Every structure is written in structure tokens, then in C-alpha cells.
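Q: Could you have a look at this structure, given as C-alpha cells, before my questions?
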Amino acid sequence: MVVSGIATVDIRHPDFKEIEQIKVLRSNEGCHIPVKHLHRLANKHDEPLVIVEVQCGEYTGEDDIVRYEDDF
């Protein structure tokens, strides 16, 4: 959920390299990222970006997070 600023979110299916969706989110907007999908968040604007990240489901621990190298 974006609190303030503008977020650009890239969402990729875990089996494909190309971007599946690009979403531009403004204040009071959010998006759902499906389980195991790769995702990247960017602030492409001068205004600071403030977000709230929420995990939901049966397990919400952080020990299953996999970080990938980013080439941008």
C-alpha cells in the first residue's frame, strides 16, 4: 500500500524472465503479488516514497525470502 509518493512495481511469473505486469501506484493504492512471483519496487520520482508492506497467508515468516540480483 502506498502511503505517499509514486511506486512502480514490476511483477514476474517465477518461470518466465519477462515482466508480466508493471503497475504504477499512487497514494492509497496497492497491489497483490501472487505467491512465488518475482517482484521489484522502484521510486522513479523526486518525491519520497512511503509504503506499507503486508504479508498474508498461513505462514508470514521472513526466513523463506529469496533475494535475486537485480541488473538495472
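Read-outs throughout are calculated quantities, based only on the coordinates presented, and are distinct from any laboratory measurement. Note that the structure is a prediction, hence the values are computed from the model and not measured.
Q: Less than 23 Å apart at the alpha-carbon level, and either on another chain or at least 8 residues along: which lysines does that give for K36?
A: Straight-distance partners of K36: K17, K23.
Q: Right, something else. Using modelled amide H (1.01 Å from N, peptide plane; none on Pro or chain starts), what sits under 5 Å from the amide H of Q21, excluding residues fewer than 5 places away?
A: Sorted by chain and number, the residues that satisfy this are I11.
Q: Binned at 10 Å from 0, what are the whole-percent values of the Cα-Cα distance distribution for the chain, short to long?
A: 17, 47, 33, 2
Q: Any chance you could run the full-extension gain for V54 through R26? It's 0.36 nm times the residue separation minus the Cα-Cα distance, nm to one decimal. Show your work: numbers first, answer last.
A: Details: separation 28, 0.36 × 28 = 10.08 nm, distance 1.67 nm.
Stretched out fully, the V54 to R26 stretch lengthens by 8.4 nm.
Q: Calculate one ³J(HN,Hα) per residue across the range 8-19 by plugging θ = phi - 60° into the Karplus curve 6.51 cos²θ - 1.76 cosθ + 1.60, and present them in order as whole Hz with x for glycine and proline.
A: With the stated coefficients, the range 8-19 comes to 10, 10, 9, 10, 10, 5, x, 8, 10, 8, 6, 5 Hz.
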